[in-house]
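This report concerns only the one structure given below.
The values are calculated or read from the model by the stated rules, or taken from the named source; none is laboratory data. Since the structure is predicted, the reported quantities are computational estimates derived from the model, not experimental observations. Here Cβ is always computed from backbone atoms with ideal geometry, including for glycine, and neighbour counts include all displayed protein chains.
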Amino acid sequence: MKPLQMTDEDQSREMLLRPSRRQIVSGMASLGVLTGGTFRDAFAQAPKRIIVPEGDFAPLPIAIPNFVPGTPSDGEVAVGVTQVITNNLKRSGLFAPIDQAAYIEKVVNIDTAPQFTSWKTINAQALVTGRMTRQPDGRLKAEFRLWDVATGQQLTGQQYFTSPEYWRRIAHIISDQIYERLTGEKGYFDSRVVFVDETGAKERRVKRLALMDQDGANVRYLTRGSDLVLTPRFSPSTQEITYMEFGQGDPRVYLLNIETGQREIVGNFPGMSFSPRFSPDGQRVIMSLQQGGNSNLFVMDLRSKSTTRLTDTPAIDTSPSYAPDGARICFESDRGGKPQIYVMPATGGPAQRISFGDGTYSTPVWSPRGDYIAFTKQGGGQFSIGIIKPDGSGERILTSGFHNEGPTFAPNGRVLMFFRDPGGNGGPSLFTVDISGRNEQRVPTPGFASDPAWSPLLS
Amino acid sequence: MKVKIDKTLAASIALHVLVLGWGLVSFSTKAFEMEPEESVAVDVVSADQLAHVMAGMKSGKKENPKPLVEKVAEAKPVEDAVGKITEKAPVVTDTTPPPQPKVEEKPVEKKPDPPKPVAESKPKEEPKEAPKPIEKKPDPPKVDPIAEALKKEEKKPPPKPEAKAATPPPQPQKPKERTFDQSKIAALLDKRDPARQATTGDTLNSNAALGLSKGKAADNSATWGSMFQSQVERCWKKPYGGIESQNPEAAFSIRLKRDGTLEGMPVPEGTPATPYLRVYQESALRAIIECQPYNLPAAYFDEWKYFAPVFTERKT
């Protein structure tokens, strides 16, 4: 249809411009060629085209029989890996793992093609088979194959070696492989989340930095809870976290290496520094510095320790976040009266306001895919999590309620994690939601949890 | 000079616009892409019955008593009466008369009518021709009971004067129309106006329904196409591609056997450019394979034995 529209435009343009006769003749000739072309196309298509239009998205039915133990002692880990994969795929909302009780065929050997008819019978469209084998050198070998049941094709297959204690990571990596092959997008299962773990009574809440796998397993505490910690953020290198801590005196931005436990203050500024975030290359930290009644954005190079001021306004500029290409930042500012989201070049310069809805906007986060900025919106007595395109269009609210805050993107930009506080005597807990607003899921944590920050993919 | 050039240019542009515009409309590819259509609950009709219903009535005349009457004209008869009947016969009080008598008489004169079937190509003509006789007939029929024979005699005289329009001309006219004689066309136009009024008024009787000029009775792709859609969609688990529209589209050409199963693997059109499009295409392929055999009307096997399903997100 496009060529047809073009001809219309061409034509009207010619009419307006009143070109020479020759131009008109040639224009008409080209029109004729174009339309003639479409005629030919139309008649050349032998088979009649039947449009099968948009239907509903449906989770893909997938069968994941227990991985085969390579040696008799591998049964436990084989089942564990299978369960982690099943849980990951199910929580993504894009897959519908079929109950193992329905399986007709028992997979005993993954080196031969399965009997696809018996998987078709239970309506599986994809099938995962795998094997876990303890190697003589003590390592664990994981193999898996992903099959398309309808066509009988193997879609992908991999094997990995790892030390046995990392079997969960292997399961996450396999999950990512399956996810990527069946959705066409990168996975996000092999990633971690840092968050603020909250325990104790509401008045004397102890807040500790904690780290866990994205599915809630392997929780590890990074601070002891003597000082209040807020807004942890992952470095793209995954080895470091930056966060804000109320120690003695002003709250400061800290850097913490999660492997070594080493801790340092970022810069030495007079006054309060807060809401830090890494640049995409992990070499710089951008943050707010309080100066009198207002705050401005600064960026500090972690190697040279040189600091650059990005904004200089009598307003409160805070919550900066880099675009994935590092060229622009989004941040929150009340320079227009109420807190709103602005976008400006990462080197400073004129800022463009992108949020214009009712209420106030805060905590903007740029998606790793670059296509959206997530925010917390406050208005009408509700806190909502939403996303908006960097040009200010396409705003959509994903969830709203009494208190939702602090969105952070999964490494593939498809899922958001945030925390929700129901109020009362309870405490906050973590949730994930797809950027379409579907599939809201609670993330299991040992206690109350807030301020999540998703790591990039580990591998 | 300029003025002249402008005129010719304007004329040529206008003509081109007309022709191209017409071409765009009438040749637009939509004719070849069936829009999504909802299946409608219908009675089960055998192919024979369907064919019977669809068949145009070349020889049959009055099976359909109420064919294409857009305005069951009460007013029109009156107008007609004023226009022509006054001239013809003051005798006639123009009561929209018993249709049946007409029926009886029509056969008599309808020997001229048989042209109607011939006229299929241009249905409009038929009404014109048929109506005129009808009009003339009605006048006499009113008196039917009294003397049919006399009226017949009377009728013949009046038709002939106008008859150039009606009985004798039809046969010669048709060929002429096809050659596009301007003089003839003018004649036709003159006749049309009165003829139409007459037809609408009189059509209460009969006008053999010959079908629409656009009629595509033979093409039932909309029917089996939507049947295919609804069946294949049951098996289609679309990959979720996010909220940004990539406008994915996956087309295949497939051959089906008479029992509705695939004759071979569906052949995808083109290779997908992105991982998501590949996944999208695979999901559609899976659906096609998984949903066979397809239950499609056997009568149109020739149409669905080879076709191209297009899976798309596009909103038309």
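If you check residue A:231 against the conditions, is it crowded, with 17+ Cβ neighbours inside 10 Å and polar (S, T, N, Q)? Yes; evaluated as a whole, the condition is true for this residue. Within the range A:136-152, restricting attention to residues that are assigned to a loop (DSSP other than H, G, I, E, B) and within 24 Å of residue A:61 (Cα to Cα), the residue that is nearest to the other protein chains (Cβ to nearest Cβ) is A:150. Being part of a loop (DSSP other than H, G, I, E, B), modelled with pLDDT under 50 and not charged (D, E, K, R) is true for just one of A:114, A:3, A:65, A:19. Which residue is that? Criteria check complete, one pass: A:19.
In this structure, residue A:111 does not qualify as assigned by TED's automatic domain parsing to the domain that holds residue A:146, over 28 Å from residue B:235 (Cβ atoms) and surrounded by 17 or more Cβ atoms within 10 Å (Cβ to Cβ).
Residue check: is residue A:92 surrounded by fewer than 15 Cβ atoms within 10 Å (Cβ to Cβ), outside the structural domain of residue A:213 (by TED's automatic domain parsing) and either hydroxyl-bearing (Ser, Thr, Tyr) or at pLDDT 85 or above (or both)?
Against the criterion (surrounded by fewer than 15 Cβ atoms within 10 Å (Cβ to Cβ), outside the structural domain of residue A:213 (by TED's automatic domain parsing) and either hydroxyl-bearing (Ser, Thr, Tyr) or at pLDDT 85 or above (or both)), residue A:92 does not qualify.
Yes/no per residue for (1) of a type in the set (Asp, Glu); (2) in contact with a strand residue (DSSP E or B) (Cβ under 7 Å, 6 or more places away or on another chain); (3) within 14 Å of chain B (Cβ to nearest Cβ); (4) touching a residue at least 12 places away in the same chain (Cβ under 8 Å):
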| site | (1), (2), (3), (4) |
| --- | --- |
| A:367 | no, yes, yes, yes |
| A:378 | no, yes, no, yes |
| A:406 | no, yes, no, yes |
| A:415 | no, yes, yes, yes |
| A:426 | no, no, no, yes |
| A:435 | no, yes, yes, yes |
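Residues that are away from chain A (no Cβ under 11 Å) and in contact with a strand residue (DSSP E or B) (Cβ under 8 Å, 6 or more places away or on another chain) were ranked within the range B:263-273; the one that is surrounded by the most Cβ atoms within 10 Å (Cβ to Cβ) is B:268.
Name every residue in the range B:274-316 that is small (Gly, Ala, Ser) and either closer than 25 Å to residue A:147 by Cβ or facing chain A (nearest Cβ under 7 Å) (or both), in order of residue number. Answer for the range B:274-316, where residues must be small (Gly, Ala, Ser) and either closer than 25 Å to residue A:147 by Cβ or facing chain A (nearest Cβ under 7 Å) (or both): B:283, B:284, B:287, B:308. When residue A:263 is tested against (1) surrounded by 13 or more Cβ atoms within 10 Å (Cβ to Cβ); (2) touching a residue at least 12 places away in the same chain (Cβ under 8 Å), exactly one condition is not met: (2). Please determine, by comparing only the residues of the range A:213-228 that are free of Cβ contacts under 8 Å to residues at least 40 places away in the same chain and surrounded by 14 or more Cβ atoms within 10 Å (Cβ to Cβ), which one is nearest to the chain's Cα centre (by Cα). So, considering only residues that are free of Cβ contacts under 8 Å to residues at least 40 places away in the same chain and surrounded by 14 or more Cβ atoms within 10 Å (Cβ to Cβ), the one nearest to the chain's Cα centre (by Cα) is A:222. Can you spot a residue in the range A:153-175 that is in a loop (DSSP other than H, G, I, E, B), within 12 Å of another protein chain (Cβ to nearest Cβ), free of Cβ contacts under 8 Å to residues at least 40 places away in the same chain and of a type outside the set (S, T, N, Q)? Checked against the condition, which is being in a loop (DSSP other than H, G, I, E, B), within 12 Å of another protein chain (Cβ to nearest Cβ), free of Cβ contacts under 8 Å to residues at least 40 places away in the same chain and of a type outside the set (S, T, N, Q), the range A:153-175 yields no hits at all.
A count restricted to the range A:308-325 and to residues that are assigned to a loop (DSSP other than H, G, I, E, B) and surrounded by 14 or more Cβ atoms within 10 Å (Cβ to Cβ) stands at 6. Looking at the range A:34-54, can you tell me whether even one residue there is within 28 Å of the chain's Cα centre (by Cα), over 17 Å from residue B:21 (Cβ atoms) and at pLDDT below 85? Yes, some residue in the range A:34-54 is within 28 Å of the chain's Cα centre (by Cα), over 17 Å from residue B:21 (Cβ atoms) and at pLDDT below 85. Considering the range A:366-389, the residues that are of a type outside the set (Ser, Thr, Tyr) and closer than 13 Å to residue A:340 by Cα include one that is modelled with the lowest pLDDT, namely A:379.
Scanning the range A:115-124 for residues that are under 12 Å from residue A:152 (Cβ atoms) and surrounded by 21 or more Cβ atoms within 10 Å (Cβ to Cβ) yields a total of 1.
Taking (1) more than 30 Å from residue A:57 (Cα to Cα); (2) within 14 Å of chain B (Cβ to nearest Cβ); (3) of a type in the set (Ser, Thr, Tyr) in turn, residue A:450 satisfies each apart from (2).
Taking (1) under 22 Å from residue A:232 (Cα atoms); (2) assigned to a strand (DSSP E or B) in turn, residue A:282 satisfies each apart from (2).
Looking at the structure I just gave you, is residue A:186 touching a residue at least 40 places away in the same chain (Cβ under 8 Å), part of a loop (DSSP other than H, G, I, E, B) and over 27 Å from the mean Cα position of the chain (by Cα)? The answer is no for residue A:186. Which one is surrounded by the most Cβ atoms within 10 Å (Cβ to Cβ) among residues in the range A:172-200 that are in contact with a strand residue (DSSP E or B) (Cβ under 8 Å, 6 or more places away or on another chain) and of a type in the set (Gly, Ala, Ser)? Only one residue fits best here, namely A:191.
Contact map, the range B:246-259: residues that are facing another protein chain (nearest Cβ under 10 Å) and in a strand (DSSP E or B) paired with residues that are loosely packed, with under 15 Cβ neighbours inside 10 Å and of a type in the set (Val, Ile, Thr), Cβ distance under 9 Å, separation 6+ or inter-chain. Pairs shown: B:252/B:267; B:253/B:267; B:254/B:267; B:255/B:267.
Per-residue answers, yes or no, for (1) modelled with pLDDT under 90; (2) assigned by TED's automatic domain parsing to the domain that holds residue A:366; (3) in contact with a His (Cβ under 6 Å, 6 or more places away or on another chain); (4) closer than 27 Å to residue A:89 by Cα:
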| site | (1), (2), (3), (4) |
| --- | --- |
| A:394 | yes, yes, no, no |
| A:424 | yes, yes, no, no |
| A:433 | no, yes, no, yes |
| A:439 | yes, yes, no, yes |
